Amino acid sequence: MKEKARQEIERLRAEINRHNFLYYVDNAPEISDRAFDDLLRRLIDLEAAHPEFASADSPTSKVGGAPAEGFARMTHAVPMLSIDFVRTPDKLRKFDQDVRKKLGRPPSGYVVEPKIDGVAVTLWYERGSLARGGTRGDGSEGDEITANLAAVRSVPLRLDPLGRGPAPPAVLEVRGEAYMTWASFEKANAALAAEGREPFANPRNSTAGTLKQLDPKVVASRRISFAAHGIGTVDPNPFKTYTEIRGFLGTAGLPPASPAARCADMDGVIEAIPGWERDRPDLPFPSDGIVIKIDDLAEREGVGSAPKYPRWAIAFKFEAESAVTAITDVDFQVGQSGQITPVANLRPVELAGTTVSRASLHNFEMVRRKDIRTGDRVVVEKAGEIIPYVIRSLSEVRAGAEEPLVPPDRCPACSQPLDADDSRTAVSCANQSCPGRLKAQLRHWASRGAMDIEGLGAKIVDLLVDRGMVSSQADLYSLSAPDLEPLDRMGARSAAALAGAIEASKDRSLARLLFALGIQHVGAEAAKNLAGEFGTIEALMSADVGRLESARAIGPVIARSVHDFVRNARNRDLIARLANAGVARSRWASWFSVIGRPFRSPRTVRALCCVRLLTGHRRQGSSDEARG
């Protein structure tokens, strides 16, 4: 009986692997989704009845394993770089000229692929089996999310499950994009709506949020897809061209980004652009352009890379999609600093695959300059296919009932009189205790680029503030699951997940903390530079304006803004409370305290670590991009 069960388990595994390959790689499925699910359910039941035949690379692993307690960090031996982009054919020709100068001759050819709007991830295979996987993070280090990536059906747990191709290298790191198809995105949002939860704004956010779930079963249920677009570390390296890599990856069971084309030169690429743009709406996934790469790997090495981008690849972004709709009315939102921003409520319109019903008008100066009025018909675009904004009003079709937009006299959140300049184009609330300002600060604090607190969306923030449960960012860290559970539509499971996400955010880097604090003029890049220069928030707080200004890429405006922020008593109290809660202890600060102070700054420590990495480890392969 046991032998019969073992044979049936092995037969089902082989059959399911074959159908996965046909579906995700060959794009030629032979059975329906329901029939596939029946096969998978049969295998699950058999493995449960016979645990002695368990296997780590069984297709049932993609159903999702036990929830994780948190994510470890994963260092990238070959950095995961971003891709620079252009919007005109002339800029593509300039890129081609730069390549020719570096090589001393024209490149032998370019490969063109769609630019998938997803989340960059890496898969590390050892002797053909998936060993670990992670996110791009800051390019040098990301989150290790092996269990979540193993739950993605198009990610093979073992390369070449059908035995069609050559043996894979002993070590193979595959770079690619995790993404949601439009169909999967709609199903995921429908499921969230049925649970009374806030839907995702777009497929990219949905993918990012899903991959950060601690329960792989959630990943499995949302049908994330994967497309390979390059390699990182490979040992030994048998490849000479990217075309060879694409062929190997397809045979190995890793679907490459598709469709793709090889062009002999940049003229061929430019001639093909109208066709790519025409076919974009037919793609099953969100895409805002194409990626052009040198095919020959030796030529890539000859061209090299800049600190942020490879010089052998470039993205061409299509023009944003636009639509015409009407402004029904205008709301006034309070920002982190108290600035009042007009937000247009629109007659819902389909744009770039999603329904748009709101768009920021940015500020009253822009409203006046563009002469935007309530009731106007307007042209709306999406920046990067994510952020909707109003391009212009169609004043020529006004009927006469449209009304000029007048800035409010009182704060819409706290009713306090507003401060305004002489022209009333800059209007703000000076009330430090304004609940509208606090809500904006908390939304920014929890955002992806800041402390990245999964589940702390706008609706939850509103409830926490309206019920008086938090009066600052520091108060978040005193909340427990029982505190959160009574919130509307929360429930025990969601409350525990949010409490865990808040706790996990304590370990974010100093750069993320500085960005999350919402210091005026300090964006993500300036925050990284400040963190790299000072190493600890204590060192930053004790620096004078001159010292701040001497930091890399920190000019007088940012230096003065940071200095004023950390000298403010209210802000100093917030930072102290965050530190007492266990927040604001950066990784660099702990390294610095261990090593002592023989070096001027943690940047020196980082440089020495890079030297150690370069000299102490054999690294092969070429870095590939993380697109998006």
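The values are calculated or read from the model by the stated rules, or taken from the named source; none is laboratory data. Bear in mind that the values here come from a model prediction, so they are computed numbers and not experimental data. Using ideal geometry, Cβ is built from the backbone for each residue, glycine included, and neighbour counts are taken over all protein chains shown. Quick note on the areas: whole protein, heavy atoms, side chains included, nothing else; ligands and nucleic acids left out. Shrake-Rupley method; radii C 1.70, N 1.55, O 1.52, S 1.80 Å.
Looking at region 166-190, which of the residues that are farther than 20 Å from residue 227 by Cβ and in contact (Cβ under 8 Å) with a residue 24 or more places away in the chain is surrounded by the most Cβ atoms within 10 Å (Cβ to Cβ)? Restricting to residues being farther than 20 Å from residue 227 by Cβ and in contact (Cβ under 8 Å) with a residue 24 or more places away in the chain, the top hit is 169. Annotation note: of 251, 243, the sole residue that is modelled with pLDDT of 95 or more, more than 25 Å from the chain's Cα centre (by Cα) and either assigned to a strand (DSSP E or B) or of a type outside the set (D, E, K, R) (or both) is 243.
Restricting region 362-406 to residues that are within 24 Å of residue 439 (Cα to Cα) and part of a strand (DSSP E or B), the residue that is most open to solvent (accessible area, probe 1.4 Å) is 387. When residue 358 is tested against (1) among the basic types (Lys, Arg); (2) at pLDDT 85 or above; (3) over 25 Å from the mean Cα position of the chain (by Cα), only condition (3) is not met. Just one of the listed residues (535, 500) is touching a residue at least 60 places away in the same chain (Cβ under 8 Å) and open to solvent by less than 30 Å² (accessible area, probe 1.4 Å), namely 535.
Of the residues screened, residue 264 is one that is over 20 Å from residue 173 (Cβ atoms) and open to solvent by 20 Å² or more (accessible area, probe 1.4 Å). Restricting to region 92-132, count the residues that are at pLDDT below 95, within 30 Å of residue 321 (Cα to Cα) and open to solvent by 30 Å² or more (accessible area, probe 1.4 Å). Of the residues in that region, 0 qualify. Restricting 468, 449, 491 to those that are at pLDDT below 90, among the small types (Gly, Ala, Ser), at positive phi and open to solvent by 30 Å² or more (accessible area, probe 1.4 Å) reduces the list to 491.
Condition check ((1) of a type outside the set (A, V, I, L, M); (2) surrounded by 17 or more Cβ atoms within 10 Å (Cβ to Cβ); (3) under 30 Å from residue 238 (Cα atoms)) across all residues:
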position	(1), (2), (3)
297	no, yes, yes
303	no, yes, yes
309	yes, no, yes
314	no, yes, yes
331	yes, no, no
350	yes, no, no
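Residue by residue through region 133-158, note down the ones that are open to solvent by 10 Å² or more (accessible area, probe 1.4 Å) and of a type in the set (A, V, I, L, M). Selection gives 147, 150, 157.
Filter region 407-462 down to the residues that are outside any loop (DSSP other than H, G, I, E, B) and of a type in the set (Gly, Ala, Ser), then identify the one that is farthest from residue 364 (Cα to Cα).
Within region 407-462, the match that is farthest from residue 364 (Cα to Cα) is 446.
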